Amino acid sequence: MMRSDHIKLGARGVRLAYANERTKRRLEILAGIDLTVREGEVVAIVGPSGCGKSSFLSAVDGLVKTSGGTIELDGKAVSAPGRDRAMVFQQDSLFPWRTVTRNIAYGLELRRDFSAPEIRERVESLIELVGLTGFADSYPHELSGGMRQRVNIARALALEPELLLLDEPFASLDAQTRDLMQAELLKILARTHTTALFVTHQIDEAVFVADRVAVFSARPARVKQIVEIDLPAPRRLEMKLLPRFRELQDEIWRSIYEETVQLAVAQ
């Protein structure tokens, strides 16, 4: 996991609220999020269910308008979706009528500033990178869930985004495949030197993939705690058996549990 001191993403005092047109009530989702992500770093976000993790990710992607605060990528304000960011969702959202090659090439084709040979070369490189050599001409229904997410990640990386946003990308996979995909993702990010913001409900996943873990409070969310993950690189799945891994997992679990208890009492 390579990272520098350069701040790639900076969020300061980010607020987000929705108005319910039927009840006329205002629902506050984010209550002042302060978070930075350094270049080459992977930061995971965890927290109680419904605390606003995915909403924050959508704000960083420019898909929703914030109520206050600032989000900057490389010092430039984020106000709308842009080519400098790419999102990977829980569902693979591949086009069923396109092959692996043509799914990965889709964004490059829309850009219209790449020649056919350039697109072919980049797609072939990405297919090899995500471990799908031999499946270039396969359709999504011919692939396993893990393979489809590899295609999804390759499609997001095709445009070489400054920041990769991942919203529970492995949640729909079985436990064994999820573990394997976590390890594969780290290899991919290391080879591409991509900065990533990763939302997950799985604490062990957050500890394994991240350089730092941001724990969100119950809604309206604030950053309750930042946990530095001091595990050695490269990460291997056997590390999940280490005492230090379990210590970090327990620390984060306790932090989330406190929020869950307080939320239950408040209700």
Ranking L129, L35, S115 by how far each Cα lies towards the positive end of the charge dipole of the chain (+1 on Lys and Arg Cβ, -1 on Asp and Glu Cβ), the top one is L35
Under the 7 Å Cα-to-Cβ spin-label approximation, H141 and K224 lie apart by a distance in nanometres of 4.5 nm
Measuring from its Cα centre, the chain shows a charge dipole (+1 at each Lys and Arg Cβ, -1 at each Asp and Glu Cβ) which, in debye to the nearest 20, is 800 debye
Rounded to the angstrom and largest first, Cα extents along the principal axes for the range 97-190 equal 40, 30, 19
With Cα springs under 10 Å, the Gaussian network model of the chain assigns the largest mean-square fluctuation among R246, R155, R102 to R246
Extension length gain for L241 and V261 (0.36 nm per residue less Cα distance), in nm, is 4.4 nm
Label model pair E72, S172: point-to-point distance (7 angstrom along the Cα→beta-carbon line) in nm is 3.7 nm
The range 28-43 scanned against label point 7 Å out from A233 along Cα→C-beta; backbone N under 13 Å for 38-43
Taking the range 132-247, the equivalent ellipsoid from its C-alpha gyration tensor has semi-axes in Å, biggest first, of 26, 17, 15
Here the range 1-104 gives, from Cα atoms, an Rg and Dmax in Å of 16.1, 48
Unit-weight point scatterers at every alpha-carbon of the range 48-157, Debye formula, q = 0.11, 0.16, 0.17, 0.24 1/Å: log10 I(q)/I(0) is -0.44, -0.82, -0.88, -1.23
In nm, the gap between the two label points placed 7 Å beyond Cα toward Cβ at L180 and R254 is 3.6 nm
So, relative contact order of the chain in percent, Cα under 8 Å, 6 or more apart, is 26 percent
At q = 0.09, 0.11, 0.12, 0.13 1/Å the base-10 log of I(q)/I(0) from the Debye formula over the alpha-carbon atoms of the chain is -0.42, -0.63, -0.75, -0.88
Of the listed pairs K8/K65; K24/K53; K24/K76; K76/K240, those with alpha carbons more than 30 Å apart are K24/K76; K76/K240
Treating only Lys and Arg (+1) and Asp and Glu (-1) as charged, each at its beta carbon, one finds that the range 1-85 has a dipole about its Cα centre, in Debye to the nearest 20, of 420 debye
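No value in this document is a laboratory result; all are computed from the given coordinates. Only a predicted model underlies this, so the values are computations on that prediction, with no experimental measurement involved. Because the Cβ atoms are built from the backbone with ideal geometry, glycine has one as well, and the counts that use them run over all protein chains shown.
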